[in-house]
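Okay, structure first, notes after.
The values are calculated or read from the model by the stated rules, or taken from the named source; none is laboratory data. These figures come from a predicted structure and were not determined experimentally. Virtual Cβ from ideal backbone geometry, glycine too; neighbours counted across all protein chains shown.
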Amino acid sequence: MAAKNILNWVDPNDKSGEFKRQTSVFRSFISAAPGAEFPPEKGRYHLYVSYACPWAHRTLIVRKLKGLEDIIGYTSVHWHMGEKGWRFATAEEQKEGLPGDNVTADPHHPSFTHIRDIYFSQDPNYGGRFTVPTLYDTVAKRIVSNESSEIIRMLYTEFDALLPAEYRAPAVDLFPEALRSGVDEANAWMYDDINNGVYKSGFATTQAAYEAAVTKLFAALDRAEAHLASTKAPFYLGDCLTEVDVRLYTTIVRFDPVYVQHFKCNVRDIRSGYPYLHAWLRRLYWQNEAFGPATTQFEHIKRHYTQSHAQINPKGITPVGPLPNILPLEEEVPAVQKL
Ligand SMILES: N[C@@H](CCC(=O)N[C@@H](CS)C(=O)NCC(=O)O)C(=O)O
């Protein structure tokens, strides 16, 4: 049998044409509980990410929000994904200069060329996908987790004893007691219809699957917009930055630059169709360092999707616009400016 082509996002034998995201395989937890298998320790864990990837982007944001920069290191892969999946930058590429910090060889396995080498080091017969983010324990030499929703929770709950008060809960708590049900409720529909909804729209291989996904996506964006319009609060759930903001942001910041055209999510764009989401997005990007250019790397974002998904964009031409990638805080698209 021919080897599975990992760049077939929808199984060619699946007549529904629907993109079905696999569940993550590595699901252990770093825990501050006594005797835990993966205890929080400075310098012990490493994050493998791609700046292009919205799921990995969550972990970079939370790492910075929690002041974990000296405690957990990270490496970003090169923006291009080929038939062996994500790969590390070569020495030559680094010499020539690459966008983004920490786009290097694997510091913990200098001979590894691809993220999949880390997965195969755990199990030579590993049959799942080679995804980022991957949280790796450099002491036990084990992958702790490749599930971003769980990695971010570990980062903001289990390291507090190693952090100064300004970064500990309650100062930085993305899942505060009083808002937990609101966070869980928003996460559930946003994951299916927005975070994953853009992928379901873009990877669909039938008209029906595409239309079903894109219709749900825009209904969900309308719902988020109506919510922000009704509260007029700085963050999704009020005055407090929560996990909902982190998880929604990584999709919305990619929306106009990539998803509108590449994933055919073009019923409206954010900058001209969703004033409250647009204002919320820009407050995060421009006013909070964890969301800004340190973690939001538009060159990786634009090039990765358009040059890695040959089924969608066979010639790999990266569209130039929209420019700018994100508008300044006080500027609107010309069409809505007063004449
Ligand atoms: N459920 C995972 C999804 C991660 C994921 O799908 N990452 C993509 C990049 S955006 C990936 O690495 N894909 C590689 C592949 O599927 O081969 C999470 O949230 O951590």
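Observations, loosely collected:
- Entirely in the range 175-260, the helices (runs of 4 or more DSSP H) that have 3 or more residues that are more than 22 Å from residue 292 (Cα to Cα) and in the same structural domain as residue 324 (by TED's automatic domain parsing): 180-190, 197-203, 207-231
- Test for residue 30: is it surrounded by fewer than 21 Cβ atoms within 10 Å (Cβ to Cβ) and assigned to a loop (DSSP other than H, G, I, E, B): no
- Matching option when the condition is more than 20 Å from residue 145 (Cα to Cα) and not assigned by TED's automatic domain parsing to the domain that holds residue 205, among 104, 23: 104
- Single residue of the range 1-58 satisfying the filter (charged (D, E, K, R) and closer than 28 Å to residue 107 by Cα) that is nearest to the ligand (Cβ to nearest atom): 58
- When we screen 188, 161 for residues that are of a type in the set (A, V, I, L, M), surrounded by fewer than 16 Cβ atoms within 10 Å (Cβ to Cβ) and over 22 Å from residue 31 (Cα atoms), the only hit is 188.
Residues are listed down the side, and each one gets a yes or a no for (1) at pLDDT 95 or above; (2) crowded, with 17+ Cβ neighbours inside 10 Å; (3) not basic (Lys, Arg):
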{"position": "246", "(1), (2), (3)": "yes, yes, yes"}
{"position": "255", "(1), (2), (3)": "yes, yes, yes"}
{"position": "258", "(1), (2), (3)": "yes, yes, yes"}
{"position": "262", "(1), (2), (3)": "yes, yes, yes"}
{"position": "269", "(1), (2), (3)": "yes, yes, yes"}
{"position": "275", "(1), (2), (3)": "yes, no, yes"}
{"position": "304", "(1), (2), (3)": "yes, yes, yes"}
{"position": "325", "(1), (2), (3)": "yes, yes, yes"}
{"position": "338", "(1), (2), (3)": "no, no, no"}
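- Boolean, residue 284 is over 18 Å from residue 198 (Cα atoms) and either outside the structural domain of residue 86 (by TED's automatic domain parsing) or not in a loop (DSSP other than H, G, I, E, B) (or both): yes
- Scanning the range 107-116 turns up no residue that is of a type outside the set (D, E, K, R), in contact with a Gly (Cβ under 9 Å, 6 or more places away or on another chain), surrounded by fewer than 20 Cβ atoms within 10 Å (Cβ to Cβ) and not assigned by TED's automatic domain parsing to the domain that holds residue 66.
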